[in-house]
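Peer 1: Let me begin by handing over the structure; questions about it come next.
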Amino acid sequence: MHTAKRRFSIPRLPAGLPLLVAILATGCSQRKPVDPGYHEYAYVTNGKSNSVSVLDLLQLRNVKTLTVGEGPTGVTANPARNEIYVANSESSNVSIIDAERNEVVGAIGVHNAPYFVSVSPDGMRAYVANSGSANVSVIDLEKRRVIATIGVGGAPGLAKVSPDGKLVVVSNRASDSVSIIDADKLTVRDTVAVCHQPQEMVIQPDASKAFVACPGSNQLAAIDLKTNRLLTLLDVGKLPIHLALKPDGGELFVSNFDGNSFSIVETGTNEVGGTYLIGNNPVRGVVTSDNSLLYVSNFGSDNVSVYAIDEGRVIGVVQVGSHPEALALTPDEAHLLVVDSRSGDVAVVRTVKTHNNSKISAERALVTLIPVGNQPNDIVIKAFKVAAK
């Protein structure tokens, strides 16, 4: 791999910034027959429609629109029960969706300006960083009520629970720090000073380290979660706003929005392996389960880049809708879903490989565009099977 040396002029940011930047500033394909009780839905938050679109992924169509709170942003699924949770940033509450009925069955009030919801691995609790209140709400998902409110630093953007469920890591954008919460005691175990305006983060599969992107200083902070210690600050590209971790935890891919690039971080050594041009304003990334491909949505060029990780090169570019942002792979990884925030649709991209299992697929292409609501910004997939009644 070679570091690219080309230079691009950086355009002004367009109106209607992607969700992560905005927060910083404040045809069907053939498929195998499935069991009648099997369901596969995608849930898309529509920020300006105060709604969630429900997409049936077996039919590749929009089947329902659900009214939620005001300014819905982040959406997540419960890993242990068939429920979906939506953070409503303007009404300061969390909507609960029953995925079996696809109905809103409740709303839980939190504090001011929540943007994301993180659910514990056992599906029992949700953690919500309240950006306007400098605290984190802890929700008992069985009783559907807030059981604790924990004070953290200023303007917390994200509260993410560790894979083992023992810790909750909170990025405090206005305090340039990270709070580490003990999930059993529901108290702040420690606060770690990091870089400027920390926001997006990932936690290693073994819960040993957290990596936090700091758009304010174009850096990445590596934190040891065993000792509550800052390990190092890494220089990446301009305005890093999203982190995509390989499932094996070995490498981390940083989307540098203003740098038209992505950086590769070796998580074992805490080193930047390189920074490479990718597309205009890359905003999100997702890695396939076999650790082979990275898909990057390019907000400014209305396309998705396909990067072969082992080969170290871009092997394809797929044109999608206007201002693509959030990404999600279907459970069988036969399709990539791309949320187009300006055109108000979800692009369905075929990702199947060729018959000789090559990463370079002649069949990779846009399948269809599914209309959703106004300014869609996040997506989550829930697949489940229910017994016949």
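Peer 1: Working carefully through the options ASP345, ASP340, ASP378, find the one that is touching a helix residue (DSSP H, G or I) at 6+ places or on another chain (Cβ under 8 Å) and either modelled with pLDDT of 95 or more or crowded, with 17+ Cβ neighbours inside 10 Å (or both). It would help to see each step written out before you state the result.
Peer 2: Details: ASP345 fails: touching a helix residue (DSSP H, G or I) at 6+ places or on another chain (Cβ under 8 Å); ASP340 fails: touching a helix residue (DSSP H, G or I) at 6+ places or on another chain (Cβ under 8 Å).
Sole residue among the options that is touching a helix residue (DSSP H, G or I) at 6+ places or on another chain (Cβ under 8 Å) and either modelled with pLDDT of 95 or more or crowded, with 17+ Cβ neighbours inside 10 Å (or both): ASP378.
Peer 1: Continuing with the same structure: Right, ALA213: on the phi < 0 side of the Ramachandran plot and buried (at least 23 other Cβ atoms within 10 Å of the Cβ) or not?
Peer 2: Numbers: on the phi < 0 side of the Ramachandran plot: yes; buried (at least 23 other Cβ atoms within 10 Å of the Cβ): yes.
Criteria met by ALA213.
Peer 1: Could you identify the single residue in THR275, THR269 that is of a type outside the set (Gly, Ala, Ser), on the phi < 0 side of the Ramachandran plot, over 19 Å from the mean Cα position of the chain (by Cα) and surrounded by fewer than 18 Cβ atoms within 10 Å (Cβ to Cβ)?
Peer 2: Numbers: THR275 fails: surrounded by fewer than 18 Cβ atoms within 10 Å (Cβ to Cβ).
Just one listed residue meets the conditions, THR269.
Peer 1: Let me ask something additional. When the residues of the range 236-249 are filtered to those that are of a type in the set (D, E, K, R) and touching a strand residue (DSSP E or B) at 6+ places or on another chain (Cβ under 6 Å), which remaining residue is nearest to ALA222 (Cα to Cα)?
Peer 2: Of all residues in the range 236-249, those of a type in the set (D, E, K, R) come to 238, 246, 248.
Remaining after also requiring touching a strand residue (DSSP E or B) at 6+ places or on another chain (Cβ under 6 Å): 238, 246.
Values: LYS238: 18, LYS246: 16 Å.
That would be LYS246.
Peer 1: Sticking with this one: So, in the range 288-307, exactly how many residues are of a type in the set (A, V, I, L, M) and touching a Ser or Thr at 6+ places or on another chain (Cβ under 7 Å)? First the steps, then the outcome.
Peer 2: Of all residues in the range 288-307, those of a type in the set (A, V, I, L, M) come to 293-294, 296, 304, 306.
Among the residues that remain, those that are also touching a Ser or Thr at 6+ places or on another chain (Cβ under 7 Å) are: 296, 304.
Result for the range 288-307: 2.
Peer 1: Moving to a separate point now. Restricting to the range 75-101, what's the tally of residues that are closer than 11 Å to GLY123 by Cα and charged (D, E, K, R)?
Peer 2: Total meeting the criteria: 2.
Peer 1: Could you check the range 77-112 and list, in sequence order, the residues that are surrounded by fewer than 22 Cβ atoms within 10 Å (Cβ to Cβ) and in contact with a Ser or Thr (Cβ under 7 Å, 6 or more places away or on another chain)?
Peer 2: VAL104, ALA107, GLY109, HIS111, ASN112
Peer 1: Continuing with this model, one more query. Among the residues of the range 290-309, how many are of a type in the set (Val, Ile, Thr) and more than 12 Å from LEU336 (Cβ to Cβ)?
Peer 2: The first filter runs over the range 290-309 and keeps only residues of a type in the set (Val, Ile, Thr), leaving 296, 304, 306, 309.
Retained after the next criterion (residues that are more than 12 Å from LEU336 (Cβ to Cβ)): 309.
Result for the range 290-309: 1.
Peer 1: Which residue out of GLY74, GLY123 is under 30 Å from SER208 (Cβ atoms), among the small types (Gly, Ala, Ser) and in contact with an Asp or Glu (Cβ under 7 Å, 6 or more places away or on another chain)? Give the derivation first.
Peer 2: Values: GLY123 fails: in contact with an Asp or Glu (Cβ under 7 Å, 6 or more places away or on another chain).
Only one candidate passes the filter, namely GLY74.
The values are calculated or read from the model by the stated rules, or taken from the named source; none is laboratory data. Here the structure is a predicted model, which is why all the values come from computation and not from measurement. No Cβ is skipped: glycine too gets one built from the backbone with ideal geometry, and neighbour counts run over all protein chains shown.
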